[in-house]
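Undergrad: Here it is: the structure, laid out below.
The values are calculated or read from the model by the stated rules, or taken from the named source; none is laboratory data. Please read these numbers as outputs of a predicted model, since none were measured by experiment. Positions of Cβ are generated from backbone atoms using ideal geometry, with glycine treated the same way; all protein chains shown enter the neighbour counts. Just the protein is used for accessible areas: all its heavy atoms, side chains included, with ligands, DNA and RNA removed. Shrake-Rupley method; radii C 1.70, N 1.55, O 1.52, S 1.80 Å.
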Amino acid sequence: MSQIESVLQENRVFAPSEAFVKQATVSGMEAYQALCAEADRDYAGYWARLAKEHVVWKEPFTQSLDESEAPFYKWFTGGKLNVSYNCLDKHVEAGNGDKVAIIFEADGGEVTKVTYKDLLSRVAKFANALKAQGIKKGDRVIIYLPMSIEGVVAMQACARIGATHSVVFGGFSAKSLEERILDAGAVAIITADEQARGGKHIPLKPAVDEALDLVAGKSAIKSVIVYKRTGGACAMKAGRDVWWHDITDSQSEVCEPEWVDAEHPLFLLYTSGSTGKPKGVQHSTGGYLLHAVLTTKWTFDVKPNDVFWCTADIGWVTGHTYITYGPLACGATEIVFEGVPTYPDAGRFWKMIQEHKVSIFYTAPTAIRSLIKAAEANPAVAPKSYDLSSLRLLGSVGEPINPEAWMWYYENVGGGRCPIVDTFWQTETGGHMITPLPGVTPLVPGSCTLPFPGIQAAIVDETGADVEWGKGGFLVVKKPWPSMIRTIWGDPERFKKSYFPEDLGGTLYLAGDGAVRDAKNGYFTIMGRIDDVLNVSGHRMGTMEIESALVSNPLVAEAAVVGRPDDLTGEAICAFVVLKGARPNGDAAKAVIKELQDWVGKEIGPIAKPKDIRFGENLPKTRSGKIMRRLLRSLAKGEEITQDVSTLENPAILDQLKQAGS
Ligand code: WT7
């Protein structure tokens, strides 16, 4: 049975316990409905009220929502604020400076605790160092760092001086860095000598050097700031590269925040779309911060005594909103973890929850599925071998969670007492869009349930008309919301075309996912992407990006990439390749497969390596030369071809491609 069918047939319902409801920030279904009704009555007024209550403004805004240049919406016009002030100074000024902000656990297990006062001082010093490097408001700064306190400090310091950061995940290659450096027009890169993961040291700085060689003469990069993480060998280029500690240690601990307009771009984050070129998703300051705060308070129910742990990397949007910004803006204590869930063994997450008394835990279905497997193979690393009684709430993000994994998470990790919030959102949405609220929503395994209060999520057909509950369609959002993407950096036309397509009328935000609402209660279930984007272990990958990487290899004439379901990673990448030379067999095929996998790893990053590669003398094409991807998807799954193949130019090719190459 497919994952979606099993969700649709799901009839287990888990209502929140009375005790949870009683203490929850949003308590009970009536409270939820009252918020939704308030937004329906006075949409702009609803968000304005929340923005006044949950964000500290240096100067108040004079208009809530400006639709005059739709779909380039503006929120909180006239307002001035600083995100770093809201995350740090605010708490220190309120007398909470000695509260622990970050509990950092290194790959090897060493623990460092940083209070709000310490964090403010570190951010202010580094912000002063950035200014001394000539970096100023509006400049773009690339951050290519491992999970670290410094990663959070670097992002917060950019926010403090009004520089727009663009974090690049440490697993991305030099080529990916090159693309982002040029597209963003970045002036500086903040990186580290090496990263420590799973007991190994992996060089990081060489990728920056290689990227800068590739962009020589074309980029605006003036400095590279290097955090010494391991002390491993690290070449430094005089006049360009400086050590983090050298430029920071003697700086003043005082740095007046740069008060910026609500719409000032806080960050760009590149993500995959349906073309070969990643999109620089641009986020605002005021609207983004509001949603980061609200969702941390309402979805995660974060309270002063909580220990919050989001296991994402700061290289993804989840790490931005639920590590660097949301929890700190709420004054929470949070975990930042450098390592991997399976080192030194697959009990690492559970051991850390036990030791740090984590109360709210937020992770991805892929991690859960791999830990289920590990626990089945070795009871010593199973959750039941640890004391997880500190947990009170669990979260899931990044991909659909199958009901089986949901139940295991609920029973084995949450001990049957912790609600699970299955949060649907995207890089473009800035924060949660459709999610249970833990003191409100009866849970159904595999469903992300109902929209966050104020979010106008709906399902429509190809003309933009609403479909009835029970019928599938395109997931859209009918009204702009404060934390939405503002534009694609440098490409406003692509922004309009991708997210507000004319076919749907031009006013609906198109998420890019298919979805269905339950016929009885209207709960949403996400059915996966409707575009050429794959979701592998909760990471978004464009099929076109992988295809371009493959065809840039001298052996390859043509390539088509599709996804196929995978028990562990959700989707797996499957590539159909036509070589320039003869179609290889046996060991020769294996060698080429390995070579192409490594090639893609180097071009994009290891997460983009195709799991399967199959060779054909051609690809299935229509007479007009269009690749029939639907057929490739069936072949990748190992399904019998039942589709009509009469329009196919070369039906014999299907037999060839049926034979797995790997
Ligand atoms: C895509 C966005 C949201 C931060 C991490 C991923 C899929 C995300 C869920 C969920 C089903 C989900 C969608 C979406 N997705 N969360 N709870 N249930 N699918 O951000 O890289 O921008 O990817 O991830 O397909 O469009 P992203």
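Undergrad: Take the residues of the stretch 409-437 that are within 20 Å of Ser17 (Cβ to Cβ) and open to solvent by 10 Å² or more (accessible area, probe 1.4 Å): which is nearest to the ligand (Cβ to nearest atom)?
TA: Out of the qualifying residues, it is Asp422.
Okay, residues lined up against (1) assigned to a strand (DSSP E or B); (2) open to solvent by 10 Å² or more (accessible area, probe 1.4 Å); (3) closer than 23 Å to Gly170 by Cα:
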{"position": "Thr324", "(1), (2), (3)": "no, no, yes"}
{"position": "Ile335", "(1), (2), (3)": "yes, no, yes"}
{"position": "Asp345", "(1), (2), (3)": "no, yes, yes"}
{"position": "Glu355", "(1), (2), (3)": "no, yes, no"}
{"position": "Lys373", "(1), (2), (3)": "no, yes, no"}
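Undergrad: Hey, another quick one. For the stretch 394-408, which residues satisfy the criterion of being outside any helix (DSSP H, G or I), aliphatic (A, V, I, L, M) and surrounded by fewer than 24 Cβ atoms within 10 Å (Cβ to Cβ)?
TA: Leu394
Undergrad: Mind telling me which of the residues Val516, Val551, Val600, Val556 ends up being under 30 Å from Pro445 (Cβ atoms) and out of contact with any Cys (no Cβ under 9 Å at 6 or more places or on another chain)?
TA: From the options Val516, Val551, Val600, Val556, the qualifying one is Val516.
Undergrad: Among all residue pairs at least 6 apart or on different chains, which show Cβ distances below 7 Å where the first residue, located in the stretch 30-56, is in a helix (DSSP H, G or I) and the second is crowded, with 16+ Cβ neighbours inside 10 Å and charged (D, E, K, R)?
TA: These pairs meet every condition: Tyr43/Lys479; Tyr46/Glu38.
Undergrad: Quick one: is Ser27 hydroxyl-bearing (Ser, Thr, Tyr) and at pLDDT 95 or above?
TA: Spelling it out, Ser27 is indeed hydroxyl-bearing (Ser, Thr, Tyr) and at pLDDT 95 or above.
Undergrad: Let me ask something additional. Here's a check for you: in the stretch 89-102, which residue that is in contact (Cβ under 8 Å) with a residue 40 or more places away in the chain and open to solvent by less than 10 Å² (accessible area, probe 1.4 Å) is farthest from Tyr227 (Cα to Cα)?
TA: Residue satisfying both the conditions and the ranking: Ala101.
Here is a yes/no grid of residues against (1) surrounded by 22 or more Cβ atoms within 10 Å (Cβ to Cβ); (2) in a helix (DSSP H, G or I):
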{"site": "Ile247", "(1), (2)": "no, yes"}
{"site": "Val254", "(1), (2)": "no, no"}
{"site": "Pro257", "(1), (2)": "no, no"}
{"site": "Glu263", "(1), (2)": "no, no"}
{"site": "Tyr270", "(1), (2)": "yes, no"}
{"site": "Thr275", "(1), (2)": "no, no"}
{"site": "Leu289", "(1), (2)": "yes, yes"}
{"site": "Thr296", "(1), (2)": "yes, yes"}
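Undergrad: Next question. For the stretch 139-174: of the residues being part of a loop (DSSP other than H, G, I, E, B) and in contact with a Pro (Cβ under 8 Å, 6 or more places away or on another chain), which is surrounded by the fewest Cβ atoms within 10 Å (Cβ to Cβ)?
TA: Among them, the one singled out is Gly171.
Undergrad: Here's another thing I want to ask about it. Which pairs have Cβ atoms under 8 Å, sit 6 or more apart or on different chains, and link a residue in the stretch 427-444 that is among the polar types (S, T, N, Q) to one that is near the ligand (Cβ under 9 Å from one of its atoms) and in a loop (DSSP other than H, G, I, E, B)?
TA: Taking only residues 6 or more apart or on different chains, the pairs are Thr427/Trp316; Thr435/Trp425; Thr435/Cys448.
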